[in-house]
Amino acid sequence: MEEIELYKKFSKNMGYGNDRLRIWGEGNYGNIEGSGGEVSVAQVIGMRDVIKEINPKNILEIGFNRGASSLCWLLFSQANVISIDIDGSLSSGEYLKNCFWHRFTFYRINSLFLPSIFSLFNRKFDFAFIDGEHDTMHVRNDILQCLHLNIKYLLLDDYNNTAHSKHIKEAIKTFSHNYKIIKEIEICQGQALLELVN
Ligand SMILES: C[S@@+](CC[C@H](N)C(=O)[O-])C[C@H]1O[C@@H](n2cnc3c(N)ncnc32)[C@H](O)[C@@H]1O
């Protein structure tokens, strides 16, 4: 549980800041304090367990928001993390940069334009977290970009979310020859772990 307490300590310093254009998922269902409702203790534990199992070296994250998931990857692995968001809290980004230095980079960019910054990625990603826009077109784009980057493991968020599940599953189906589902995680809104087919 010490790890979760540590997570909470960092998380408290990651407010939305004045740079937020919109706020996601306000709510009160046992969330980490200061998180604005988008991550629960159970989710943090679930993501910690996934990242420890995969033990990646370089992570690409699509959908930063205020960095709740980035913080998981940075605290519970030794990996370098590049996170992108069309919006996303710059103050949280700066906070994580100050805490984790070279291990963390944030780009404010639309994932549709990811290929335009591929040349900045002088690293080989082995894990991606896909949690941007959840409609079929965007999720397809995000999986496609990960395929172009030859990323071995993908974790897709909101897999069982009532509003998004259908779209996410449709997008995953499009790539069934490229990525196979190796784990379905039932915690909160659900996540699916995909592995690249050789
Ligand atoms: C559910 S939130 C991400 C939450 C974050 N992963 C976490 O667990 O704390 C989704 C984020 O995706 C971003 N987003 C939506 N469409 C996007 C796009 N086309 N490219 C990049 N980011 C996008 C939104 O701005 C939002 O911050």
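Since every read-out is calculated from the coordinates, none of them should be taken as a lab result. None of the values given here were measured: they were computed from a predicted structure. Every residue, glycine as well, gets a Cβ built from its backbone with ideal geometry; the counts of neighbours run over all protein chains shown.
Computed over the chain with a Gaussian network model linking Cα atoms closer than 10 Å, the most mobile of MET137, MET14, MET47 is MET137.
Among HIS167, HIS148, HIS177, HIS134, the order by Cβ neighbours within 10 angstrom, fewest to most, reads HIS177, HIS148, HIS167, HIS134. Between amide H atoms placed 1.01 Å from N, distances below 5 Å from TYR107 occur with SER83, ILE84, ASP85, all of them 5 or more places distant or on a separate chain.
Between GLU5 and ILE86, what length comes free when the chain is fully extended (0.36 nm per residue of separation minus the Cα-Cα distance, one decimal in nm)?
Details: separation 81, 0.36 × 81 = 29.16 nm, distance 2.99 nm.
My answer for the length gained is 26.2 nm.
Distance distribution P(r), segment 102-193, all Cα-Cα pairs, bin width 10 angstrom from 0: 16, 51, 29, 5 percent. Among beta bridges from DSSP that stay inside the chain, the antiparallel ones total about 40%.
Residues PHE10, PHE64, PHE106, ranked from the fewest to the most other C-beta atoms within 10 Å, line up as PHE10, PHE106, PHE64. Rounded, prolate or oblate: which fits the chain when a ≥ b ≥ c are the square roots of the eigenvalues of the alpha-carbon gyration tensor, with rounded for a/c under 1.5 and prolate only if a/b beats b/c? Rounded, because the longest to shortest axis ratio a/c is under 1.5. Candidate cross-link partners of LYS12 among the lysines, defined by an alpha-carbon separation under 21 Å and a same-chain spacing of 8 or more, comprise LYS97. Under a Gaussian network description of the chain, with springs only between Cα atoms under 10 Å, the residue in SER92, SER70, SER119 that fluctuates furthest is SER119.
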